[in-house]
1. Select from the range A:195-211 the residues that are outside any loop (DSSP other than H, G, I, E, B) and within 11 Å of chain B (Cβ to nearest Cβ) and write down the one among them that is surrounded by the fewest Cβ atoms within 10 Å (Cβ to Cβ).
2. In the range B:100-122, what residues are part of a loop (DSSP other than H, G, I, E, B), among the hydrophobic types (A, V, I, L, M, F, W, C) and either in contact with a Pro (Cβ under 8 Å, 6 or more places away or on another chain) or free of Cβ contacts under 8 Å to residues at least 60 places away in the same chain (or both)?
3. What residue, among those in the range A:231-254 that are part of a helix (DSSP H, G or I) and touching a strand residue (DSSP E or B) at 6+ places or on another chain (Cβ under 6 Å), is nearest to the other protein chains (Cβ to nearest Cβ)?
4. Out of all the residues in the range A:257-269, which are free of Cβ contacts under 8 Å to residues at least 40 places away in the same chain and of a type outside the set (Ser, Thr, Tyr)?
5. If you check B:GLY176 against the conditions, is it in a loop (DSSP other than H, G, I, E, B) and assigned by TED's automatic domain parsing to the domain that holds B:LEU241?
6. Conditions: (1) charged (D, E, K, R); (2) under 21 Å from the mean Cα position of the chain (by Cα); (3) assigned to a helix (DSSP H, G or I). A:GLU274 meets all but one. Number of the miss?
7. Residue pairs, Cβ under 9 Å, 6 or more apart or interchain, first in the range B:71-85 and of a type in the set (A, V, I, L, M), second outside any loop (DSSP other than H, G, I, E, B) and surrounded by fewer than 18 Cβ atoms within 10 Å (Cβ to Cβ). List them.
8. Taking A:LEU50, is it buried (at least 19 other Cβ atoms within 10 Å of the Cβ) and within 17 Å of A:ALA261 (Cα to Cα)?
There are 2 protein chains.
Amino acid sequence: MYREEIKVLDCTIRDGGLINQYQFTDDFVKGCYRASCEAGVDIVELGKKLAVSDEYTRDKWGKWNFCDDDDIRRVVDSCDSEHRPQVAVMFDVGRVDLDALVPADQSPVDMIRTACYVADIDKGIDLARRTKDLGYGTTINIMACSAAIERDLIEALEQVNESPEVDYLYLVDSYGAFYSEQVSAYLAMYREHAPDKPLGFHAHNNQQLAFSNTQQAIIEGVNLLDATINGIGRGAGNCNLELLLNFLKNPKFDVRPVYRAIQEQLVPLREEIEWGFNDIYGISGHLNQHPREAMRVRGDNGARELCYDFFLEQSGEGDSALD
Amino acid sequence: MYREEIKVLDCTIRDGGLINQYQFTDDFVKGCYRASCEAGVDIVELGKKLAVSDEYTRDKWGKWNFCDDDDIRRVVDSCDSEHRPQVAVMFDVGRVDLDALVPADQSPVDMIRTACYVADIDKGIDLARRTKDLGYGTTINIMACSAAIERDLIEALEQVNESPEVDYLYLVDSYGAFYSEQVSAYLAMYREHAPDKPLGFHAHNNQQLAFSNTQQAIIEGVNLLDATINGIGRGAGNCNLELLLNFLKNPKFDVRPVYRAIQEQLVPLREEIEWGFNDIYGISGHLNQHPREAMRVRGDNGARELCYDFFLEQSGEGDSALD
């Protein structure tokens, strides 16, 4: 597949950090950033940009949860690659300190992506507006749309469409619940109700479909694609960047630095933390569930391989019927 | 997805046996067979049916490489499930003793699938003809079609089409090299040149696409689908039966016995043998290679995680150009 407009966003550190409280070493972050530079990736997301508080400290929650400009500069300056991707960070609605945000031309950050649920769409759009005012590129990533009431989702899409400050609108398969049919159907809905917005796509790999669903999004015309090195990410992880670059034929991409990063940095990390498809996440994706419960079970050594028990429990067998 | 005509073939023992020289315990085979019975699977393939010889002994190569009728009867008789799938075995061209094959009405076997390369298509069709004469259902599974010269493949398809003794023709992604686009393109070719043959599809999971490509085959109208419990199979393995049953909406299927078999039998087996996606198989699939070299590397403790080295080596960097 070759289409010149396609851009790849590497969210290795941001989505991967959800597994380990953003406790990556500087060397790891620099290595992943270098891989994406050398691979020709268009945008690199280096973490979240949340407000520090007494509860949310840098020590406990990891510096990449806060992405101070100085930390980002140290990573960016460590790499002498000719190609420089844009740098993105992510906002969570309600956990942001906008007063501390400097104008984009004084920051190493180029793009701020705002993740929000349908219920928080007004807050999300407000954040996008205020970051756009400071000169940043913006996206709205509507989370958990597969669990939203369709009428509410459509209203949110229409609001995004009426907000010129939003550069990209993301379809996000937060629960890893989509088949290719759903990717197509949701994208049709997004295009119908937000026709002015270029679309992005962010997959999860609960059912081994993150990569194939990303291909489906490409086939459907989406030009901004999220992926992570080795598929690292919360729960079942994300679309593997290396598989995606293999698929994309654009000669601007070079997959070799990504495989080098896997060999040198992700393989050792896999000894410490787990990500990727397994039976438990397959069930939570099939059932269109938040991965919370699946992650709890995977963290319980006595239960982590009991997929049959998990299936019965989660599909509600034995529960009284709701009416 | 619901289509009444869709049939699922569980080749857990046959494809899984390629990893462990068919050294499954009787309890394991019986457990998997029972799971497929209770799950409503249409056909269960219990192994290969090769000729015993001084070189190929039952002890060394495992009884499920030979599938004596008595062994199969013991498995089938061990299960009192109401639903009885058809029983299949597989022939490899050139390693078969047809004289020892009894008529189908005296055997617990219902279907014999013949796997052959394009170059052996005449021998494959001959085997299908002779097994059909004995009353068995037949398929031709053309292996490694992604590496065949198209003109030769088309000729093979035309020959299959002219052979009324072949019940099903299989598209097989032996190298796990297909994207959904290739699934569609090959199926179009198979339909064009073998229009009289119902089609089957057999995937491999090198690029995390076995399940999604099987969905694509369904979308393209294929009604006979191979899968294995937990995706067990040579190299990167196959389409996961449990994911496929989750996808198929036909109420005749029940996924729960499959998850029970995973929990009770496949999870312990995973301690002993490896299958499923990893970086090395991802590369061999991308490069459209026989998994031989990838399997060798995965068996080498010093090299099994060196995906960057494997990529450079296999993509021929540093080799002199061929002309």
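The values are calculated or read from the model by the stated rules, or taken from the named source; none is laboratory data. Please read all numbers here as calculations on a predicted model, not as lab measurements. Neighbour counts are summed over all protein chains in view; Cβ atoms, including those assigned to glycine, are modelled from backbone coordinates with ideal geometry.
1. In this case the residue turns out to be A:PHE211.
2. Hits for the range B:100-122 are B:LEU101, B:VAL102.
3. Here the answer is A:GLY231.
4. Within the range A:257-269, A:ILE262, A:GLN263, A:LEU266, A:VAL267, A:PRO268 meet the criteria.
5. When the stated conditions are applied, B:GLY176 passes them.
6. (3)
7. Going by the 9 Å Cβ cut-off, the qualifying pairs are B:VAL75/B:ASP26.
8. No: the conditions fail for A:LEU50.
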